[in-house]
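The values are calculated or read from the model by the stated rules, or taken from the named source; none is laboratory data. Since the model is a prediction, treat every value here as computed from it, not as a measurement. Cβ atoms come from the backbone with ideal geometry, glycine included; neighbour counts cover every protein chain shown.
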Amino acid sequence: ETFKDKVVDLFATHFPDKDPRTFQVDRIKGGSFNRIIGVTISQPKPQEFTWEWVLQVFHNMCGQRQVKKDEKYIIRIPRAKYEGDEMKYDVAVLQFAASRLPYPIPRVQFVDYTSENALGSPYTIQPRLEGNNLAPVQTSLTVEQNVKLTRYVMDIHRKMHSITSVAPGVIHPDTTTSSHLSLTRFLVPEHPKGHEKFLALKHATLPAESQTTKQFLLELCNRQEDLDETTQDWAWPFWHQFKQIINLLHDRGFLPDDEVFHFSHLDLLGRNLLASVDHDRNTIDITGVLDWDMEFSCFAPKFVAYKAPFWLWVTDDVNDENEDFADTISDPEKPSLVAAKRIFDETAGEDWKRFAYTPEYQIARKMFDVLKTGCANQPMQVQAQEVVRRWKDLYPEDE
C-alpha cells in the first residue's frame, strides 16, 4: 500500500459520502516542521437522465450554467516523531489567531493527535486556501502592488500589537475561545542528545506568570543554562554573557518594567503569505496568512513584536532575517522597494520605528531567538557569538 493509498483511505473515513475515485492526491512543498499533502475532491458529473442531470441540462439551456467547485484540502503531517503533544499547541495557536484576527487564516477541520490512523502519524486536515506563495514573485511586484502589500502586512502587525498579555508564553491547548487565553512558559527546545533527565525537564512546563521583560529574559536564560548542565554537564558561556546584556539593556532604559507582551508571528514573511497577483490589472490580493505554529506564534516582548517588516524592501539575494538591511533599501533603483520603505517610514509611527531601527533592539531580537531556540546546533552557537560581539562593538566600555 503506497502513501497515496493511505491518504485516500484516510479521506474516505472523513468524507464517507464522497466517491474515493474522485480523490486526487498531490505533494506540496512543505516546511521544516511539517510535510504537506494536497487533496482535491472532484465533483462527479451526474449520470444521464437522472433528475440532477436534467436540471443541469435545463440550466445550461437557459444560460444559467452551474459549475460545482472542487473541494480542496491540505494535510499537515509533523516531520518529528511524537504523539501529537506539540501539535496540540500548534492547533491552539491557529485557532486563537483565526478567532482574533480578521484575515484569511487556515482553519482545522479534522485533527488526530495519535498515530492510530491510516497514515500512522498525527495530522491535521484544513481547507486549502486560494492563491499562490508570494515569495517567488514578491520582488517583481509593481509599485502599486508592493504599496498595497506593505499596508496589508503592517495592518496585520498592528492588529497583533493590540493583542497583549501581562505574561509571556505559548498559547496552551486549554485556550478554548478568543476571550479565554491560557499561556504556558516557553517550551524548552529538544536537545539532540537528550536523555531521561532532559525529557523530564522538557515536559515540566508551567503556566505563564506575569513578569517584566527583564524577568522573563533572565528566566529563559536560566532555563537554557540549566538545560545545558542537565544534558551535557556544562553550560555555554553565552548564557552568562546574555544575562549581563539583559541587565545592561534594563539599566539603560531599553527594557522598561511597565511593558506588556504582544501576540507575535515571528515568521511573517513572503513565504508564509498566499496571494493572487494580476499583473494585467496591476492588483494583488492576500488570500492566506500561514504558519501559525507554536515555533513562531507566541506572546513575546514588545521589542520582538515591533520588528520592521524589512523583507518588503530587500531583493532576493538578501537574507530576509538579517536586520543589517532593516533601515536600508537593497536596490535603490527599484521603485517598488523604495515605495515600500517609504510607506513604512511615513506610517509606522515613531514608537514602531524606534524599536525597528535601534541597534540595541536589533541585538536583543537576535538574542531572543537564541534564548527561545537554544544552542543545540552550530548556527545558533554562531548567532550567540554574534550577539556578544555586536554588543561589545556597540559598548566597548562594558568589557
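Taking every residue in region 231-257 that is touching a residue at least 24 places away in the same chain (Cβ under 8 Å) and pairing it with any residue that is small (G, A, S) and outside any helix (DSSP H, G or I), at least 6 positions away or on another chain, the pairs with Cβ-Cβ distances below 8 Å are T231/G194. The residues of region 1-31 that are of a type in the set (D, E, K, R) and part of a helix (DSSP H, G or I), listed by number, are K4, D5, K6, D9, R21.
Taken together, the residues in region 90-128 that are among the hydrophobic types (A, V, I, L, M, F, W, C) and not in a helix (DSSP H, G or I) amount to 8. Listed by first and then second residue, the pairs with beta-carbon distance under 6 Å, at least 6 apart or on different chains, first residue in region 370-395 and free of Cβ contacts under 8 Å to residues at least 12 places away in the same chain and under 26 Å from R185 (Cβ atoms), second surrounded by 14 or more Cβ atoms within 10 Å (Cβ to Cβ) and polar (S, T, N, Q), are M380/T373. Can you spot a residue in region 258-266 that is of a type in the set (D, E), at pLDDT 95 or above and farther than 14 Å from A364 by Cα? Yes, that holds for at least one residue. If the condition is being within 25 Å of I363 (Cβ to Cβ), among the polar types (S, T, N, Q) and touching a residue at least 12 places away in the same chain (Cβ under 8 Å), then region 300-350 contributes T315, S330.
Under the condition of being surrounded by 15 or more Cβ atoms within 10 Å (Cβ to Cβ) and farther than 20 Å from A135 by Cα, the residues counted in region 298-326 number 9. Residue pairs whose Cβ atoms lie under 8 Å apart, sitting 6 or more positions apart in sequence or on different chains, and linking a residue in region 6-20 that is farther than 10 Å from N117 by Cα to a partner that is of a type in the set (F, W, Y) and part of a loop (DSSP other than H, G, I, E, B), do not occur here.
Scan region 277-298 for residues that are among the polar types (S, T, N, Q) and under 20 Å from the mean Cα position of the chain (by Cα) and jot them down.
Across region 277-298, the qualifying residues are T287, S297.
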